[in-house]
Amino acid sequence: MPLREVREKISQILYNGESIGKARLDGGKANLLVGHNLDSKLDCLLMSYPDQLLRDTATYPPLMKTNFASHSLKYLTKAYLGYDIRLGTYDTFQDCVSVMRLYKRMRAQEHQEGKTGTSYSHDTKWNRNMADQTSQDLENMSPDELFQISKSNYQCWCLDSRPHDPIRDWSL
């Protein structure tokens, strides 16, 4: 099957009949894409997918090393799920199961409401960053204003299980 057809089939599944523009704007009915090191997989397919719909175990801050480098899926599976993978041959199905179990485990955690920026990642006031500002604007800002625009766009996966999360349609 040609790569173009593969991409079309994957897009049909991921976007779930939703227009690409609607999915990129607010998610719509598009599906979450869960995986490990998704950027490299999407690059190989010459595809992109909205960041707010990606759940990547390689880039999820609670699963990363303290220097924000990613752990291998083998390490994460052993550390968080308690079993070994890839003992013999490489098994893509086993990797998929491990990634989904990691995602579900992290999603099942209780959200800590007091954490700064975690529940507001898709609100436009939290999505601003320093790249949107000119150097003169930055120099004129107070430390508090600089802190406000430097907030992380990190969102807890535990919010995926909440029906009142405005980024997802929970009527499924």
Practice prompt. Please note which helices (runs of 4 or more DSSP H) are completely contained in the stretch 79-172 and include at least 2 residues that are closer than 23 Å to residue 32 by Cα, more than 19 Å from the chain's Cα centre (by Cα) and modelled with pLDDT of 75 or more.
Written response: 92-107
Worksheet entry | Of all residues making up the stretch 18-38, the number that are part of a loop (DSSP other than H, G, I, E, B), free of Cβ contacts under 8 Å to residues at least 24 places away in the same chain and surrounded by 14 or more Cβ atoms within 10 Å (Cβ to Cβ) | 3
Worksheet item: Is it true that residue 104 is exposed (fewer than 14 other Cβ atoms within 10 Å of the Cβ) and either in contact with a helix residue (DSSP H, G or I) (Cβ under 7 Å, 6 or more places away or on another chain) or over 25 Å from residue 3 (Cα atoms) (or both)?
Response: yes
Worksheet item: When you look at residue 41, is it free of Cβ contacts under 8 Å to residues at least 12 places away in the same chain, more than 20 Å from residue 158 (Cα to Cα) and assigned to a helix (DSSP H, G or I), yes or no?
Response: yes
Response to the item:
The correct count of residues that are within 13 Å of the chain's Cα centre (by Cα) and hydrophobic (A, V, I, L, M, F, W, C) in the stretch 40-63 is 4
Discussion item. Scan the stretch 44-54 and tell me whether some residue there is out of contact with any strand residue (DSSP E or B) (no Cβ under 7 Å at 6 or more places or on another chain), in a loop (DSSP other than H, G, I, E, B) and within 24 Å of residue 104 (Cβ to Cβ).
Written reply: yes
Discussion item. Would you confirm, using the coordinates I've provided, whether residue 105 is farther than 17 Å from residue 14 by Cα and either of a type in the set (Lys, Arg) or in contact (Cβ under 8 Å) with a residue 60 or more places away in the chain (or both)?
Written reply: yes
Item to complete: Name the residue, out of 65, 74, that is free of Cβ contacts under 8 Å to residues at least 60 places away in the same chain and not in a loop (DSSP other than H, G, I, E, B).
Response: 74
Worksheet entry | Counted residues, the stretch 52-70 - those being surrounded by 12 or more Cβ atoms within 10 Å (Cβ to Cβ) and closer than 28 Å to residue 11 by Cα | 11
Worksheet entry | Residue that is nearest to residue 56 (Cα to Cα), among those in the stretch 1-17 that are modelled with pLDDT of 85 or more and outside any helix (DSSP H, G or I) | 16
Discussion item. Among the numbered criteria (1) of a type in the set (Phe, Trp, Tyr); (2) modelled with pLDDT under 90; (3) closer than 15 Å to residue 104 by Cα, which one does residue 68 miss?
Written reply: (3)
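The values are calculated or read from the model by the stated rules, or taken from the named source; none is laboratory data. Just so you know, these numbers come straight off a predicted model, no measurement behind them. All Cβ positions, glycine included, derive from the backbone under ideal geometry; neighbour counts span all protein chains shown.
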